[in-house]
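The structure appears right after this line, and notes come after that.
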There are 4 protein chains.
Amino acid sequence: MLKVCVLGATGLVGQRFIQCLWGHPWFRLTGVLASERSAGKRYGEVGKWCLDREMPPAVRRMKVGKVGDLEVDADVVFSALPADVAREVEPRYAAAGYTVCSNASAYRMEEDVPLLIPEVNPDHLGLLEAQRKRRRWKGALITNPNCTTVFLAMALAPLRPFGIEEVAVSTMQALSGAGYGGVPGMAIADNVLPYIGKEEEKVESEPRKILGTLRNGRVQPAGFDIRASCHRVPVIDGHTESILVRLSGKPSLDRVRRAWESFESIGTPTAPERPIVVRDEMDRPQPRMDRDAGRGMTVSVGRVARKGPWLRLLALGHNTIRGAAGASVLNAELMVNQGYLKR
Amino acid sequence: MLKVCVLGATGLVGQRFIQCLWGHPWFRLTGVLASERSAGKRYGEVGKWCLDREMPPAVRRMKVGKVGDLEVDADVVFSALPADVAREVEPRYAAAGYTVCSNASAYRMEEDVPLLIPEVNPDHLGLLEAQRKRRRWKGALITNPNCTTVFLAMALAPLRPFGIEEVAVSTMQALSGAGYGGVPGMAIADNVLPYIGKEEEKVESEPRKILGTLRNGRVQPAGFDIRASCHRVPVIDGHTESILVRLSGKPSLDRVRRAWESFESIGTPTAPERPIVVRDEMDRPQPRMDRDAGRGMTVSVGRVARKGPWLRLLALGHNTIRGAAGASVLNAELMVNQGYLKR
Amino acid sequence: MLKVCVLGATGLVGQRFIQCLWGHPWFRLTGVLASERSAGKRYGEVGKWCLDREMPPAVRRMKVGKVGDLEVDADVVFSALPADVAREVEPRYAAAGYTVCSNASAYRMEEDVPLLIPEVNPDHLGLLEAQRKRRRWKGALITNPNCTTVFLAMALAPLRPFGIEEVAVSTMQALSGAGYGGVPGMAIADNVLPYIGKEEEKVESEPRKILGTLRNGRVQPAGFDIRASCHRVPVIDGHTESILVRLSGKPSLDRVRRAWESFESIGTPTAPERPIVVRDEMDRPQPRMDRDAGRGMTVSVGRVARKGPWLRLLALGHNTIRGAAGASVLNAELMVNQGYLKR
Amino acid sequence: MLKVCVLGATGLVGQRFIQCLWGHPWFRLTGVLASERSAGKRYGEVGKWCLDREMPPAVRRMKVGKVGDLEVDADVVFSALPADVAREVEPRYAAAGYTVCSNASAYRMEEDVPLLIPEVNPDHLGLLEAQRKRRRWKGALITNPNCTTVFLAMALAPLRPFGIEEVAVSTMQALSGAGYGGVPGMAIADNVLPYIGKEEEKVESEPRKILGTLRNGRVQPAGFDIRASCHRVPVIDGHTESILVRLSGKPSLDRVRRAWESFESIGTPTAPERPIVVRDEMDRPQPRMDRDAGRGMTVSVGRVARKGPWLRLLALGHNTIRGAAGASVLNAELMVNQGYLKR
């Protein structure tokens, strides 16, 4: 078993990390780290457990370490840190020899940092060679995308053979994306919040890196533009994305559907059997019905239609599982699979 | 005072008609008509009053007439009927000499029926001449658009000088758009419903007629395509529309903003002082904060930005006031203003 | 395996029956029956599946039978019928030799019909002797209580040794209690509905029968009064009940807690390991966090406090599992356990 | 006009104070004070306006003063401060000669501080004499009750002639009671929170003081006990209270109804024409339909029934208007009416 620990373990995504890692057949959770305020206490005494399933009792008794403490009993460090803390802390763990799998946005767009979706661009792990050379780290840093990006990039990936020319996406995002206390109940009840800080910038840039081509140790970004409008709706978990894709080719809807359905699992413990499921019902996907597909790791696509030169579709995924903690764990599994991490 | 009555007075839009007409300085509500089930009873005894403000006591005591009864004491007949009933009944009222102002979709796209937004295409009332000739009706039939269309067409109208080439819209629509019992609480709690029956078709066609040009007694539709994706969110009233407009011109955002802000009121009792308000706050418009602007008759625009060749904006309006009953009442006021109806 | 079928299989509780029965180690689902409208079609084609987990594919293909058809291939008939239909139909199945386990209210208060909570009054199965004599049925009819009653009666049962003198209960009930389309989204968003038809009557009478004493073939109702106020809140599943119990004894809170915690499981497949769990956190139980405890079969109790001569507590349970379909299945398991049904 | 200012003007209740005072015919808002963080800025630049109606433009430009600054241009100081700050600051304003009308809980239960509901216990203003003697303040301090208390005490007051012996109340309280950011959207969506800090203690004690008798300069508390259970539900504004009252007398429900309906207005600008309205519909009062009755100052009572020796009723009011800011403003109007304040 590989030993792993979680940085930022008390927040909402940190809790999802614990849920994804507890009982994992390859990884053993050996440490939970948080800010000074929580360090030294038992995990069960700090923060507020927000998930519907109970906290694993053994985790309840774990002593919380302090983020920044580099003496951790782990091979892999999962990071659920806020971007500003991540920027400062993650390189120190990588330098000290740990493999850092980060959900933070701080280093996603750095040119020598892989921004990974295992089913989509596993070859981008190749950037680690450049990273090691340039940074002289003993360990490594890999990242997973922003939640909204994950579902968009996964829905787009199988369409690459048809020539993606332009993308427009309008999102209806869940409350959990802002963290447990991020959106007051009074703000969102009977309401839509038509703005999410720094979200559109990420959604417009990250997929181009993910869908880009690794060549000579660099990623050449994909050559299409993305127009994103991001909105918060009164939904607990599950982001819904209304997407238009302009394609140079004119594939039949059947061929498009087959492209999604034949998208393959990487077959690791957290990987869903079917990364993408296409729903044919007129009124699917819906967050409450579809967010837990594939234990939160499957992206559901639906409402596929032609609109002139555009292909219209909906993509939906669980934002704190496939869009955050689960994404990071899957990245680590990919590294094991490809020999970057030894069990 | 002009005498008016309401067809389909017991449903949600019918109730909004009563709210818009009660105490109106030009119109006097003389009749409320509904289906056979309710006819003959007092209005206060039938259906369920769904609006937050109380039912006017005098209306409570009005006797409900039967839709289809052509002997009504009225000059204008407002229709809140479902499309299938409207298709059968409205022509009979128009033939009998009444001016029918309809919120139903049945005749909106007929070539001799005006589909009106008074601030946008008042000249389309000119179609009535052709209508009278062709149908040999003593009265007339005019319509207002689908709720989602209203806000989109109003946001687009001031942009016409900049050359509209293509439009994409993704909506987050309120529950009241489906009628009082239209969406079960269990279906929409913690959820998004990504499909609204027949909605996208209307949104993709109606604005082109409204923004079209009246020439030789016919409307030449506007020459751009619309791609619509319509979704239901857990909001009581107020549709939010995330819009992309591709313009041939390259107006500055300031010029665009001025175009919206200078859009003029028609100055009648139901007309808002400012048909369009532009919000500069990053997180506006929001349904709960902005749906009641201008007593529900103002459309709020916000989040204006350039996205490559596209102009991105949000438009929000009250779907059962500016998007339904209020729209129809405003149409009638326009007819008074232009001499089609005599007080 | 005992063969079982479900009457009223297409509604919300019918779907929960299917979920509880599919894969059951003792029962095999052989039939799904519904009204004339659905009979003859495949189950997957009728009604609307409302549960978050997918419909079992094999059920999707089952042919829907017609309620009232007495030729069913089953030993046990579970009934999710509305009360008026149940009143007419259930006796016919019982007469024809089937064991009817009903969730309907129609016969709950009949003096020869057991109203059962297996952990509370299993001995009330003894009423079946009187039932057989009086009704001359070849089969039998047993019932489970109203959802709100179940959680109240379970919370009260372990308190009997302390002398229950009076009970007051104020409920906050979930939408699913009214069936899928029972509460319009517009009615309940940002709202409380302070009335639930016929609910208070049931809650005030049923627990007295359940907690009553079987003597000489009759149930002597428990000797305390219940004052119930029932309200609907915007929650999907899970009824919360705020309860005051006046006790003649003065047990310490610790003794009360132990009484609940020592309440025993009947150890059958659907029975939860712990029928009652006491939560010590100030802010528990909560519907979203606790409704699924014990796969929806555990009742969570909390906020235990003395208020003068009253004991105050909260009780919470899953209304369509422990409060309906699961309750009925547990009743059938009890009958197997006690030899009333032979596998 | 009397000059007034608001302490704690940027919070949710502070905003309601501004809304209640802006355009008031007797009072002129001359100052808005807040914590150090906001002091010195324009009101429109600090905090987040949370009310559905827009901020008055003139208020937007007012300069925010610092709480604790005793040089304010005002006769009356309204306090929306948190309890701990109020405890320290309010006496200093009272000592300096201001009349402090406080919504804070800090001094409500002090024996020489009036805890007022103008329609219920206006004579308790008589405590001010003792207050002046004991505290040697040049000004005065009066308080209004906790929101939940207000509606309970108002519903109980007209029942005093029938002999109140015991009261049980179970509440369903709105989000705004916890302040704008007080309840995370994720915590309350599809949920009930069965605990509100320090609420039950207030509800069990305050009404006894309010309904007590002023004798020899002291309030003798009312002689009945109250058992309170307080819960938070997903409602924006409006607390619903399910109440049981045990009466020594046996008034008919008609007499009870007349007692509530004949409860008289004090006739000042903020006073509602009818302080209590009795709803006869089975499903009223509801927060969304009834919270704004009497511009948020009327308490709605309904579901009146006998339950054995108990009278059962529901009481509902707007928690941040009649339950907070409006209550305080009404108190000030009472003082004007009774000559304690001179215009």
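The values are calculated or read from the model by the stated rules, or taken from the named source; none is laboratory data. Since this is a predicted model, take the numbers as computed values, not measurements. Here the Cβ positions follow ideal geometry from the backbone for every residue, glycine too, while neighbour counts run over all protein chains shown.
Key figures for this structure:
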read-out: Residue that is surrounded by 20 or more Cβ atoms within 10 Å (Cβ to Cβ) and small (Gly, Ala, Ser), where the choices are C:Gly197, C:Gly181, C:Gly177; value: C:Gly177
read-out: Boolean, D:Tyr180 is within 30 Å of A:Gly11 (Cα to Cα) and aromatic (Phe, Trp, Tyr); value: yes
read-out: Odd one out for D:Gly249, checked against (1) touching a Phe, Trp or Tyr at 6+ places or on another chain (Cβ under 7 Å); (2) surrounded by fewer than 18 Cβ atoms within 10 Å (Cβ to Cβ); (3) farther than 20 Å from C:Arg227 by Cα; value: (3)
read-out: Number of positions in the stretch D:300-343 that are more than 24 Å from D:Pro114 (Cα to Cα) and of a type in the set (S, T, N, Q); value: 1
read-out: Failed item in (1) at pLDDT 95 or above; (2) within 18 Å of A:Tyr180 (Cβ to Cβ), with A:Glu88 passing the rest; value: (2)
read-out: Within the stretch C:298-336, considering residues that are aliphatic (A, V, I, L, M), under 20 Å from C:Val203 (Cβ atoms) and not in a helix (DSSP H, G or I), the one farthest from the other protein chains (Cβ to nearest Cβ); value: C:Val299
read-out: Filter result for D:Gly249 (small (Gly, Ala, Ser), within 14 Å of another protein chain (Cβ to nearest Cβ) and in contact with a helix residue (DSSP H, G or I) (Cβ under 8 Å, 6 or more places away or on another chain)); value: no
read-out: Residue among A:Arg279, A:Arg284, A:Arg291 that is of a type outside the set (Phe, Trp, Tyr), under 14 Å from A:Glu241 (Cα atoms), surrounded by fewer than 23 Cβ atoms within 10 Å (Cβ to Cβ) and at the interface with another protein chain (Cβ under 10 Å from one of its Cβ atoms); value: A:Arg284
read-out: Residue match in the stretch B:127-140 (condition: touching a strand residue (DSSP E or B) at 6+ places or on another chain (Cβ under 7 Å) and under 24 Å from A:Ala305 (Cα atoms)); value: no
read-out: Lone unmet requirement of (1) part of a helix (DSSP H, G or I); (2) touching a residue at least 12 places away in the same chain (Cβ under 8 Å); (3) more than 7 Å from every other protein chain (Cβ to nearest Cβ) for A:Ser176; value: (3)
read-out: Which numbered condition B:Gly308 misses (of (1) surrounded by 24 or more Cβ atoms within 10 Å (Cβ to Cβ); (2) in contact with an Asp or Glu (Cβ under 6 Å, 6 or more places away or on another chain)); value: (1)
read-out: Filter pass, B:Arg274 being within 10 Å of chain A (Cβ to nearest Cβ) and not hydrophobic (A, V, I, L, M, F, W, C); value: no
read-out: Selection from the stretch C:75-111 of residues that are out of contact with any Asp or Glu (no Cβ under 9 Å at 6 or more places or on another chain) and among the charged types (D, E, K, R); value: C:Asp75, C:Asp84, C:Arg87, C:Glu88, C:Glu90, C:Arg92, C:Glu110, C:Glu111
read-out: Every residue from the stretch A:189-225 that is more than 9 Å from chain B (Cβ to nearest Cβ) and assigned to a strand (DSSP E or B); value: A:Thr213, A:Leu214, A:Arg215, A:Arg218, A:Val219, A:Gln220
read-out: Criterion: in contact with a strand residue (DSSP E or B) (Cβ under 8 Å, 6 or more places away or on another chain), among the aliphatic types (A, V, I, L, M) and assigned to a strand (DSSP E or B) - qualifying residue of D:Val235, D:Val245, D:Val256; value: D:Val245
read-out: Filtered residue count, the stretch A:127-146, keeping only those that are outside any loop (DSSP other than H, G, I, E, B), buried (at least 19 other Cβ atoms within 10 Å of the Cβ) and in contact with an Asp or Glu (Cβ under 9 Å, 6 or more places away or on another chain); value: 5
read-out: Complete set of residues in the stretch B:80-126 that are more than 19 Å from B:Val329 (Cα to Cα), of a type in the set (A, V, I, L, M) and surrounded by fewer than 21 Cβ atoms within 10 Å (Cβ to Cβ); value: B:Val85, B:Ala95, B:Ala96, B:Met109
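Table: residues versus (1) farther than 25 Å from A:Leu175 by Cβ; (2) free of Cβ contacts under 8 Å to residues at least 12 places away in the same chain; (3) under 22 Å from the mean Cα position of the chain (by Cα).
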{"position": "A:Ile18", "(1), (2), (3)": "no, no, yes"}
{"position": "A:His24", "(1), (2), (3)": "yes, no, yes"}
{"position": "A:Val32", "(1), (2), (3)": "no, no, yes"}
{"position": "A:Ser35", "(1), (2), (3)": "no, no, no"}
{"position": "A:Lys48", "(1), (2), (3)": "no, no, no"}
